[in-house]
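So the structure is just underneath, and the comments pick up after that.
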Number of protein chains: 2
Amino acid sequence: MAIEQFKATAHLKQGTQVKVSSRGFELTLDEPVAEGGTDLGMNPVEALLGALGACQAIVARVYAKRFKVQLDDFWVELEGDLDSDGYMDKADVRCGYSAIRYTYHIKSPSAQADIDAFVAFIGGKCPVGDSLAQGVDLQLVGVVQE
Amino acid sequence: MAIEQFKATAHLKQGTQVKVSSRGFELTLDEPVAEGGTDLGMNPVEALLGALGACQAIVARVYAKRFKVQLDDFWVELEGDLDSDGYMDKADVRCGYSAIRYTYHIKSPSAQADIDAFVAFIGGKCPVGDSLAQGVDLQLVGVVQE
């Protein structure tokens, strides 16, 4: 067992702007104007797709050598289906993604069999992917009134 | 039914640096030096926590009026437990988060009963939270060799 804790904060600013912070790094998420936001950044469900793709890409980098795969280029395209009626409280459907599809793009001179084994491995070793595929126990542990 | 598609790409750069793009917005995720990275940004599991907190914060903004809650300040602190032995392939444990705990910080002059109802509502209307709590069908739909 090597359980580690990771942390972040999300601070609501003007309108739907949110400043996300972790280990001193910051980024702004927001909603498009059509959703009532000011469009200063990607929105949280887009950031979720990006975190998933980035996690897969890092797993690819870390495990390429074990599979004897030389990575000349690697990127992930992701697309998710979300029924906005859930979030908008218009229908009794789930608020989250029902499905996320992803495509790997790989440029490599390595043996096809090695590339195939490598590609089959990546998805199962990705912490963000596993969190989404298996689900996570989410716990509201407190409400602090400032 | 109002199913929408959201998209993002994640492009592996030097080492563990990944450029995430969505609708023209970009951000860099990376790993800390201790994990073999160059520490140019938060890592994907931190970004996942941030996306969850930002999603909850936006839901808070959107639904505050319905609950008659004036939001003078709102932020979310998040912490997740992850056994790195899974990701490192050292033990047969899951790669992802086993639990994510979050705390709401709220500054509001509104009635306590309204604040309580509001706080109880937010988590269940959050698309990122629902995706994590219920899980998502992840599908590798293609491998394109460039």
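The values are calculated or read from the model by the stated rules, or taken from the named source; none is laboratory data. Just so we're clear, the structure is a prediction, and the values are computed from it rather than from any experiment. A quick note on method: Cβ atoms are made from the backbone with ideal geometry, for glycine too, and the neighbour counts reach across all protein chains shown.
Just one of A:K68, A:K19 is touching a His at 6+ places or on another chain (Cβ under 8 Å), surrounded by fewer than 23 Cβ atoms within 10 Å (Cβ to Cβ) and modelled with pLDDT of 95 or more; which is it?
Answer to the check: A:K19.
Among the residues of the range B:64-81, is there at least one that is facing another protein chain (nearest Cβ under 8 Å) and assigned to a loop (DSSP other than H, G, I, E, B)?
Taking every residue of the range B:64-81 in turn, at least one turns out to be facing another protein chain (nearest Cβ under 8 Å) and assigned to a loop (DSSP other than H, G, I, E, B).
Is there a residue being assigned to a strand (DSSP E or B), charged (D, E, K, R), over 26 Å from A:D72 (Cβ atoms) and not assigned by TED's automatic domain parsing to the domain that holds B:F118 anywhere in the range B:10-31?
Within the range B:10-31, not a single residue is assigned to a strand (DSSP E or B), charged (D, E, K, R), over 26 Å from A:D72 (Cβ atoms) and not assigned by TED's automatic domain parsing to the domain that holds B:F118.
Taking A:A91, is it among the small types (G, A, S), over 21 Å from A:L49 (Cα atoms) and touching a strand residue (DSSP E or B) at 6+ places or on another chain (Cβ under 8 Å)?
Considered against the rule, which asks whether it is among the small types (G, A, S), over 21 Å from A:L49 (Cα atoms) and touching a strand residue (DSSP E or B) at 6+ places or on another chain (Cβ under 8 Å), A:A91 comes out as yes.
Which residues, counting only those in the range B:21-67, are more than 18 Å from A:S21 (Cβ to Cβ) and of a type in the set (G, A, S)?
Result: B:S21, B:S22, B:G24, B:A34, B:G36, B:G37, B:A64.
Looking at the range B:99-146, which of the residues that are of a type in the set (A, V, I, L, M), out of contact with any Phe, Trp or Tyr (no Cβ under 8 Å at 6 or more places or on another chain) and part of a strand (DSSP E or B) is surrounded by the fewest Cβ atoms within 10 Å (Cβ to Cβ)?
Filtering first and then ranking leaves B:A99.
Does B:A54 satisfy being facing another protein chain (nearest Cβ under 7 Å), closer than 29 Å to A:K107 by Cβ and at pLDDT 95 or above?
no
Which one of A:S110, A:S131 is of a type in the set (G, A, S) and closer than 19 Å to B:Q56 by Cα?
Matching residue, one of A:S110, A:S131: A:S131.
Tell me the residue from A:A57, A:A51 that is touching a helix residue (DSSP H, G or I) at 6+ places or on another chain (Cβ under 6 Å) and in a helix (DSSP H, G or I), please.
A:A51
Based on this model, can you work out whether A:E26 counts as in contact with a helix residue (DSSP H, G or I) (Cβ under 9 Å, 6 or more places away or on another chain) and acidic (D, E)?
no
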